[in-house]
Amino acid sequence: MKLATTTGDFARYTHSQEERIRYIAEAGFRYADYNFCTDYDRKEGVFASDEDGFVASYAAKIKQAADECGVKLIQAHAPMGRPLLEGDNHAEFVNANIRCIECCSLLGIDRIVVHSGYLPDIPKNECFKRNAAFFRELLPAAEKYGVYILVENFNKMSKANVYWIDNAPDLKRLIKLVDHPLFQAVWDTGHANMQEMPQDVSLRLLGKHVMALHVQDNMGDKDSHVAPFFGTLNLDSLMAGLLDIGYDGYFTFEATNIFLPGKKRRQSDKEKKLLNAPLELRKKAESLLYEIGKTVLEAYGVFEE
């Protein structure tokens with residue numbers, strides 16, 4: 001397997017995706033997940049303009065930057081949002097996802113992770129029905145651009161009267177419900193670590209539907225997004241499952257909180273020089289992340305440059 005990580009690793013340090021790609025490359029990574037979330041939230045990157053031809057020109061610029069760094073963009077993450085809401089916001093969000101799918105095709109990326117959604121106080125069956133309808137709205141674009149849409153297992157919701165598709169059996173149920181060859185799964189190890197079902201059992205259940213990974217860890221209680229070995233994730237169970245299903249994709253990290261963001265620390269009215277870890281320290285943590293991944297894959301004889 002080849003190691004990859006997300007450009008979101010450096011989202012708190014720069015608004016430039018080109019710089020994020022460069023920092024990832026300096027840490028040793030040669031493969032990356034392009035994160036559209038900050039582009040959408042900040043109305044920058046691919047969302048900086050609605051002019052005709054902008055998506056193509058932006059994608060060309062990012063691809064050139066990645067090529068110069070020796071990085072191949074291998075998957076992407078669509079914007080975070082509320083896909084089950086109705087009205088103008090829903091139409092805007094669908095169009096934003098289609099914009100990302102188009103950009104993926106121009107970047108040479110053939111798979112994008114798109115979140116399912118939830119609403120309070122709707123029955124579980126209705127949650128499946130509405131999510132299937134949302135994903136079907138994206139399938140014409142997936143067909144047009146030749147890009148897989150990957151849905152993930154989520155962390156358990158602590159809110160009352162809310163269900164989010166959070167386990168392997170239900171993830172497989174949604175995939176079967178949508179029933180399209182371009183609609184498959186990404187497996188999030190941290191979300192799965194909040195469940196009772198072991199990683200290997202879950203992966204065997206999903207089998208060939210798993211076309212990508214989000215590798216992250218936690219203590220089993222919160223969706224922390226820390227690096228493996230920083231939490232309770234059973235890496236042996238994970239690797240056993242991946243090998244059993246013949247997984248041939250990338251081992252892609254989503255450990256963006258290897259250092260917690262400053263907003264999650266205790267606040268004060270004092271100096272804020274150390275509220276966030278300095279950039280140079282974060283770069284060293286990225287190198288450690290690469291070494292962690294290499295160690296995991298080498299232990300099972302599957303590490304590839």
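Things worth noting here:
- Scanning the range 168-195 for residues that are out of contact with any Lys or Arg (no Cβ under 9 Å at 6 or more places or on another chain), farther than 22 Å from residue 75 by Cα and in contact (Cβ under 8 Å) with a residue 24 or more places away in the chain returns 169, 173, 193.
- The range 65-103, subset of a type in the set (S, T, N, Q) and surrounded by 18 or more Cβ atoms within 10 Å (Cβ to Cβ), residue farthest from residue 116 (Cα to Cα): 75
- Within the range 230-272, restricting attention to residues that are of a type in the set (A, V, I, L, M, F, W, C) and at pLDDT below 95, the residue that is nearest to residue 302 (Cα to Cα) is 258.
- From the options 248, 236, residue that is assigned to a helix (DSSP H, G or I), of a type in the set (D, E, K, R) and either surrounded by fewer than 19 Cβ atoms within 10 Å (Cβ to Cβ) or in contact (Cβ under 8 Å) with a residue 40 or more places away in the chain (or both): 236
- Identity of the residue in the range 192-215, touching a strand residue (DSSP E or B) at 6+ places or on another chain (Cβ under 9 Å) and outside any strand (DSSP E or B), that ends up surrounded by the most Cβ atoms within 10 Å (Cβ to Cβ): 203
- Test result for residue 165, touching a residue at least 60 places away in the same chain (Cβ under 8 Å), among the aliphatic types (A, V, I, L, M) and in a loop (DSSP other than H, G, I, E, B): no
- Taken over the range 80-95, residues that are at pLDDT 95 or above and touching a Lys or Arg at 6+ places or on another chain (Cβ under 9 Å) amount to 1.
- Only residues that are in contact with a strand residue (DSSP E or B) (Cβ under 9 Å, 6 or more places away or on another chain) and part of a helix (DSSP H, G or I) were counted in the range 116-135, giving 2.
- First in the range 289-305 and within 18 Å of residue 230 (Cβ to Cβ) and in contact (Cβ under 8 Å) with a residue 40 or more places away in the chain, second anywhere and of a type in the set (Val, Ile, Thr) and surrounded by 13 or more Cβ atoms within 10 Å (Cβ to Cβ), Cβ under 7 Å, 6 or more apart: 289/5; 289/258
The values are calculated or read from the model by the stated rules, or taken from the named source; none is laboratory data. As the structure is a prediction and not an experimental result, all values here were calculated from the model. All Cβ positions, even for glycine, are placed from backbone atoms using ideal geometry, and neighbour counts span all protein chains on display.
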